[in-house]
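Values quoted throughout were computed directly from the atomic coordinates according to the rules given, and no laboratory measurement underlies them. All figures in this text were calculated on a predicted structure; none of them were measured in a lab. Every residue, glycine among them, receives a Cβ derived from its backbone with ideal geometry; neighbour counts consider all protein chains shown.
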Amino acid sequence: MRTLYKNRYLLLSVTGTLAAVFSLGVVTQAQEPPVASEARPQIGPLPSKKAPDPALVAMGQRLFFDTRISGDGGVSCATCHDPQQGFGKQFDADGQIKRLSDAYPGTRYFRNAPTLINVRYKEDFADTGWGWDGRMGANLNDVMRDQLTESTIMNMDMRIMHERMKQDPVYVEMCKENFDSDCSSGMARRALVAFVETLVSTNAPFDGGKLSGSARRGQNLFQGKARCIECHNGPYFSDGVPHNTGVPEDLEIFRDPLRHLTYRAVIHTHGVPKMEIWRRDVGYFLVSKNYADVGKFVTPTLRELKSTAPYMHNGLFTTLTEVVDFYDQGGGQEDPLATELSPLGLSRKEKADLVAFLESLSSASPIVVEKVAIPLEYEPIDNWLHVEN
């Protein structure tokens, strides 16, 4: 019997898993994943967009660094999306890149934090939502609400966030200036969206047509022999569609109790059947409940790759050379559901040219935002919320 997971995967058979699911009666009409158009959008510079109001951006920037918008005041948006590291990774105490995010205190996450650079274009060029599994939608206001309230991310009650903002005279003034009103969590979300919308890369060598000879050869490979264009197309360099490329599982997720419990909590919340048996990241299956989608993840953008390592949903690869080698060999070989890729047969020189092109998608000057220093002061909830007996 052919197994679904070998070596790094849980030893469960495809037929056995499906039989168990049918016996539980949990298979319903599957949500079909979006299909990439045969007429692929052309790669090119990102279109210009209207810049958000500077005053609203300033409010969003302050909120981005403010740990008070998390439940226990322990983390901010910048904790996982560090502006000094491409808005999408963390470092440990020894200065090593963390492949997997830590998330809310008391939990540890099971995926690599994606970059926020150019994320405002996600809604324009993607059919699925934000994040590796696409479950959050592409509307940034919805994404902010999801991340703020998600118990494993920020774990914030919006009513508490509302009150904490009202206690800070700086936010009171900012809300008055931007909305002519008292502070609310809705205003905070709009301000955070405005800040994130400023994180746009526009001066990559590719955008200015300033490619080296190696990068030009790499672009030809990208659009031809290497077949990257099949999934990484359009100005955002993503078709927004989930694919299974056979990226090996990181079993550390299941050896680490906090990561494993966090994973189980998330898939349970989203109704994944038999949550206790999974020893792999189910990916888009979390959304579709179609077993053919197990192990599929939404195509990420390729822009700003030089600043956004490690790569893949679990941060498995730390260099672009590793990524190119992985695709050159036809992706992962251990997952029988990963059938989309085949070996490319690239020479060493061709792989170097392809890496040169991928690097040309990164800006000469990375986006850097100055950290806002904010005092961690707020009145505990039991002092301002008194319930009469």
For Glu304, other-chain or 5+-apart residues with amide H closer than 5 Å (H placed, Pro excluded) are Ser362, Ser363
Name the lysines eligible as straight-distance cross-link partners of Lys289: C-alpha to C-alpha under 19 Å, and not fewer than 8 places from it in the same chain.
Lys274
The relative contact order of the range 54-202, taking Cα pairs under 8 Å that sit 6 or more residues apart, comes to a percentage of 29 percent
Candidate lysines for bridging to Lys176, where Cα separation is under 25 Å - those fewer than 8 sequence places away on the same chain excluded
Lys50, Lys166, Lys371
Can you list residues whose amide H is under 5 Å from Lys296's amide H, if they're 5+ apart or on another chain and H is modeled 1.01 Å from N?
Tyr284, Phe285
Would you work out which of Ser70, Pro114, Gly186 lies farthest towards the positive end of the dipole of the range 54-202, given +1 charges on the beta-carbon of Lys and Arg and -1 on that of Asp and Glu, about the Cα centre?
Pro114
Which peptide among 108-116, 209-217 comes first, and what is the full order, when sorted by highest mean count of other Cβ atoms within 10 Å?
108-116, 209-217
So for the pair Ile374, Val172, with labels modelled 7 Å out along Cα→Cβ, what separation do we get in nm?
1.7 nm
Phi to ³J(HN,Hα) by Karplus 6.51 cos²θ - 1.76 cosθ + 1.60 over the range 322-330, Hz, x for Gly, Pro:
4, 5, 4, 4, 4, 6, 4, 7, x
Distance from the Cα centre of the range 313-346 to that of the range 46-89, in angstrom?
32 Å
Using the reciprocal of the averaged 1/r over all distinct C-alpha pairs, how large is the Kirkwood radius of the range 54-202 in Å?
15.7 Å
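When the dipole is taken about the Cα centre of the range 54-202, and only Lys, Arg (+1) and Asp, Glu (-1) are charged at their Cβ, what size is it in debye, to the nearest 20? Write out the running numbers ahead of the final one.
Working: 17 positive and 21 negative charges, 37 e Å.
Dipole size: approximately 180 debye.
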